[in-house]
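The numbers here are math on the coordinates, done by the rules we state, and not lab data. If you're wondering where the values come from, they're calculated on a predicted model, not measured in any experiment. Don't worry about glycine lacking a Cβ; one is built from the backbone with ideal geometry, like all the others, and counts go over all protein chains shown.
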Amino acid sequence: MTATGFSGGVRLVAGRAIAEAWASRSWRIITGVSVLIGIALVVVPRLLGGGTTQYTLATVGEAPPGLLAALQAAGEAGEFAVTVRTVPDAAAAEALLRDGDADAALTGVAPGSTLYVAERADRTFPALVSQAALSLAITDQLAQAGLSPDEIAAIQATPPPVQVPVGRVADEGRAGVGFVSGILLYLALILTGTAIATAVATEKSSRISEVLLTALRPTQLLVGTVLGVGLLGLAQIAAIAVPAAIGLAAGGGIDLPASTTGDILLALAWFVLGLGMYAFVFAALGALVDKPTEVGAATMPANLVLVASYMFAVIVTIQDPNGWASTAASIFPVSAPLVMPIRWASGLVPPWQLVLAMALVAITAVALALVASRIYARGLTRTGRRITLREVLAG
């Protein structure tokens, strides 16, 4: 058969797989749910995180204007709002704290004043109040010591040490995008792989594959099924990603790092590579069963590998993206499609490791495809019972 004939057969099988899925009510429901998930990725964070953090400070007597100005400036920088409530005495201030109506209470800014803090309250706001009150007290003492306003201003203008945040990742926002991408990749690979195995098992049990094999080669049937169902899986990822991207572009209310677009495109590339490696394995496993109901048991080994890789990525790699275990798992071909996207989002991965991981996955995909095509071709012709890998490989 010519190359044109081979590609024509592949297109025929792929088109048939797509047409059958489109006619399937379950596939349309899943795709609709995927669109809703994509919209929810934009809408839900806005609903949950749309408010400004509010703090309440109780002061005994009128709060000094300098204290209010300092807290207002800190609030603008830290994106929180401060409400000040005046109380007559310390007892009233403590009552507000006990009732949960205040986060801190201050009796004054002079030396010897008291700052009351709710026992279970966040310590960040009380620390800001304490620092502002201390700054005002020092200013008063400097003025009493005879320093001029210009001299006091010069002292207060002394810059603090430069803060350089150092964490597990270079950008927490980017790491968050990588985490979401890892979840979508895991779901896409495991669902698409199962769909491929189910499609193969259904064709085998209904004898459709026997009819198709009279006109097509087993490799055409295998590649066509993988291509058709794989495109459907990619469409379902797009059903999630496109609404989310449109919502973010229209003002999703979420600040994303500049690398987000590149990381999403890289996740799509990993889906193609991962599916290219696992799809043929799922198809081969689907050819071993006699009924579609046996697909779950037959594909359990492949599913366990995917689950283990995903769990490693979200438990180990997120906590220690540059550890030796994370590095090895992100390069090892079997786990790389799920581990490397999350590790890459840490912003600390050398590019050569990414290239090496992709190359190894591509090579492994070709090798597994060759073995899977042999299992697939022999498995399709054996009906009546579920067969084992040993039986098929033995010939």
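For ALA95 and ILE315, the difference between the fully extended length at 0.36 nm per residue and the C-alpha to C-alpha distance is 74.8 nm.
Computed over neighbours whose Cβ is under 13 Å from that of LEU96, the net charge equals -3, Lys and Arg +1, Asp and Glu -1. When only the Cβ of Lys, Arg, Asp and Glu is charged (+1, +1, -1, -1), the dipole of the range 53-156 relative to its Cα centre reaches about 140 debye. Amide hydrogen proximity for ALA58: with H placed 1.01 Å from N in the peptide plane, the residues at 5 or more positions away or on another chain lying under 5 Å are ARG85, ASP103, ALA104, ALA105, LEU106.
With r defined as the distance between the Cβ atoms of SER130 and GLU76 and R0 fixed at 22 Å, what FRET efficiency is calculated, to the nearest 0.05?
Working: r = 19 Å, r/R0 = 0.87.
Step by step, r from the Cβ atoms, then E = 0.70.
Return, ordered by residue number, the residues of the range 323-338 whose backbone nitrogen is under 18 Å from a label point located 7 Å along Cα→Cβ of VAL307. Under cut-off, by backbone N: 335, 338.
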